[in-house]
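One structure is given below, encoded as structure tokens.
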Amino acid sequence: MSGLEVRIYLLDPRWLSLHLHDGRGCFLAMKFSHAHILSCVLSEFNREKRKVRPGQCLRILDTGCGLGGLIADGLSVLGDHFIDCDIEIYGFEVQEHGAGREQYLDDLKQALYLRFPNIDWTDRIRVASSSDDWPFESGFFDLTISNQVLEHVHDLEGFFVQQRRVLKGGGIAIHHFPTAESLVDPHSGVPFAHWSKSDCGRGQILRLFSSCGIGKYGSYSDRRGYSVEEFVEEFVDYLRRFTAFRSLKAVESLSRGAGFATFARYNRELVKRWCDDSDEVWPYSGKGDEAWFARVLSRFASVTLVCEK
Ligand SMILES: C[S@@+](CC[C@H](N)C(=O)[O-])C[C@H]1O[C@@H](n2cnc3c(N)ncnc32)[C@H](O)[C@@H]1O
């Protein structure tokens with residue numbers, strides 16, 4: 001194996017996402033966040049009221065699917081677990097972000113075709129404008145999932161309305177995302193950079209911490225030859241255009257406003273997973289956790305929210 005690269009992002013809410021690359025961008029190990037989300041999925045479908053029946057087709061949507069890593073991991077893991085039923089995972093992306101670039105979509109589908117050549121990814125991966133309805137019929141999905149997406153959604157009210165529309169009655173959504181309470185902006189790795197409302201404020205914070213070697217500036221400098229100013233400029237722009245951080249309470253309130261019973265769940269299990277240093281997928285035994293635990297965790301890491309229709 002050539003060019004093995006191991007990176008651990010300290011001061012990043014995804015710091016325990018240990019990325020093992022083969023030097024060509026292929027993940028060799030499952031991301032912690034994927035293992036966690038898939039464990040949440042198993043836990044929810046282990047509940048008595050939601051038990052999967054033999055022969056059932058479980059339809060899942062990965063909203064904001066990025067480059068499809070969670071879709072691929074989900075197909076492998078859930079296919080092994082629910083052997084008596086069909087697992088169909090779809091992906092949705094919005095044009096305003098990366099998927100607006102043709103190459104991005106080609107790369108996404110290509111990566112999925114390599115691992116699952118018999119699936120029609122042209123149908124499974126769909127793109128729309130973030131102001132349009134999601135390109136799926138109503139009541140199509142049993143489950144929607146998302147990883148590191150809610151903090152990018154400007155119209156979260158509309159997002160939850162669409163989520164409710166595409167879910168079947170009794171369907172659920174599982175979201176894993178950083179909130180405004182987070183001490184560190186997970187994108188730049190810089191503390192407080194996402195707290196400022198102005199470009200000037202963001203720039204000053206990014207410049208200060210990056211000059212002290214805190215955050216992701218070092219890796220941008222090594223890998224892309226960025227100067228501090230180039231790094232600051234890129235993330236000032238990124239944070240303004242592509243992020244919309246909200247408090248956990250605000251996200252819960254928008255979800256409830258759209259008609260979902262909403263619970264912060266499996267957050268203790270995530271911390272236990274870190275302590276065990278495990279990227280295995282298993283159904284969590286906990287039935288959920290106190291809201292206060294998620295609030296404390298949200299300062300340091302992404303939290304997990306379950307929305308029940
Ligand atoms: C940080 S990336 C995460 C990608 C992927 N889920 C992952 O874990 O690698 C955030 C994603 O959210 C998507 N996104 C932003 N706004 C969205 C919206 N309104 N609806 C759905 N996805 C959105 C972006 O296109 C982007 O792919």
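Distance from the C-alpha centroid of the range 253-309 to that of the range 191-248: 28 Å, rounded to the whole angstrom. The alpha carbons of the range 39-130 occupy a box of 42, 27, 19 Å along the principal axes, longest dimension given first. Comparing Ala29, Ala193, Ala294 in a Gaussian network model of the chain, where Cα atoms under 10 Å apart are tied by springs, the biggest mean-square fluctuation is seen for Ala29. Taking only alpha carbon atoms, the range 199-242 gives an Rg to Rh ratio of 0.95, where Rh is the Kirkwood radius. Pairs of Lys residues in the chain are counted when their Cα atoms are under 21 angstrom apart and they lie 8 or more places apart or on different chains; the count is 16. With just the Cα atoms defining each centre, how far is the range 42-85 from the range 91-133? Give it in Å. If we compute the Cα centre of each part, the gap is 19 Å. In degrees between 0 and 90, to the nearest 10, how far off the longest principal axis of the chain does helix 228-242 point, with axes built from Cα atoms? The helix 228-242 is inclined about 40 degrees to the chain. According to the calculation over all Cα-Cα pairs in the chain, the P(r) per 20 Å bin from zero is 32, 62, 7 %. Its Cα centre serving as origin, the chain has a Cβ charge dipole (Lys and Arg +1, Asp and Glu -1) of approximately 820 debye.
Of all DSSP bridge pairs formed entirely within the chain, close to 45 percent run antiparallel. When all alpha carbon pairs of the range 158-228 are counted in 10 Å bins from zero, the resulting P(r) reads 18, 34, 21, 17, 9, 0 %.
Read-outs throughout are calculated quantities, based only on the coordinates presented, and are distinct from any laboratory measurement. Model, not experiment: these values are computed from the prediction. Don't worry about glycine lacking a Cβ; one is built from the backbone with ideal geometry, like all the others, and counts go over all protein chains shown.
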